[in-house]
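Enquirer: I'd like to ask you about the structure that follows.
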Amino acid sequence: MCYREHWDPSAAITTLKKYEDSAREWGLGPNEYASDRNKCYQVMKSQHDLIAKEQKKLQDFLSRNAILRIKYSLLGGAKGVFRSRAAIEDAKVYKEKYYKLLRDAQLARRDKSVDKKALHKLNRRLGWDAVTEQRVLEKLEDIRVDPEKYWYLFSDDVLLLKSDTGKTDLEASDQSEQNQNCTNMPIRA
């Protein structure tokens, strides 16, 4: 039989000895152990068949639903949820940067970027070159996003005081007192 199966007799003897030791370890005779191993093999084979069948169903389902394949790859495996959250956050940051660059490019194309001469005048008035075009654009974006923070830019009274640059602070306070007195005086007909 060993010659028919192309099995070296010395290897067969060693294998059968290991088999007998394993049967003794389980507390079974060689025939009982062989029967038990066959049952275990059948159970294992049916489990492998079931796994293969379910994997085939999953592959068919994923091929029909392409977007789920992407989500499955993100969520599958260890730390899948954390990786997907990080990917979503990265996508949001990328999207914000993309739209900011797009908006800046559109402003530059329409020639509505910061006026270089006016920026130079501002820096000369301040006495140092601290205000850059990027800083002005950042402030504009900040005003656009949170206008309530810059309420004083939209108040007519504050703008009136700020636009009256020719007067000193003392003259400006006298002028505001006169304005208050005028409003408090009764109107005579």
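Enquirer: Among (1) at pLDDT below 65; (2) touching a Ser or Thr at 6+ places or on another chain (Cβ under 7 Å); (3) not aromatic (Phe, Trp, Tyr), where does residue 81 come up short?
Expert: For residue 81, the failing item is (2).
Enquirer: Quickly run through the range 1-28 and pick out the residues that are loosely packed, with under 10 Cβ neighbours inside 10 Å and of a type in the set (A, V, I, L, M).
Expert: If the condition is that a residue be loosely packed, with under 10 Cβ neighbours inside 10 Å and of a type in the set (A, V, I, L, M), then 1 is the only one that fits.
Enquirer: Now for a separate question. Count, please, the residues in the range 90-113 that happen to be modelled with pLDDT under 75 and closer than 18 Å to residue 141 by Cβ. Full working, then the answer.
Expert: Of the range 90-113, the ones modelled with pLDDT under 75 are 104-113.
Then drop every residue that is not closer than 18 Å to residue 141 by Cβ, which leaves 104-110, 112-113.
Total satisfying the criteria: 9.
The values are calculated or read from the model by the stated rules, or taken from the named source; none is laboratory data. Because the structure is a prediction, the values reported are computed rather than measured. Neighbour counts run over all protein chains shown; Cβ positions are idealised from the backbone, glycine included.
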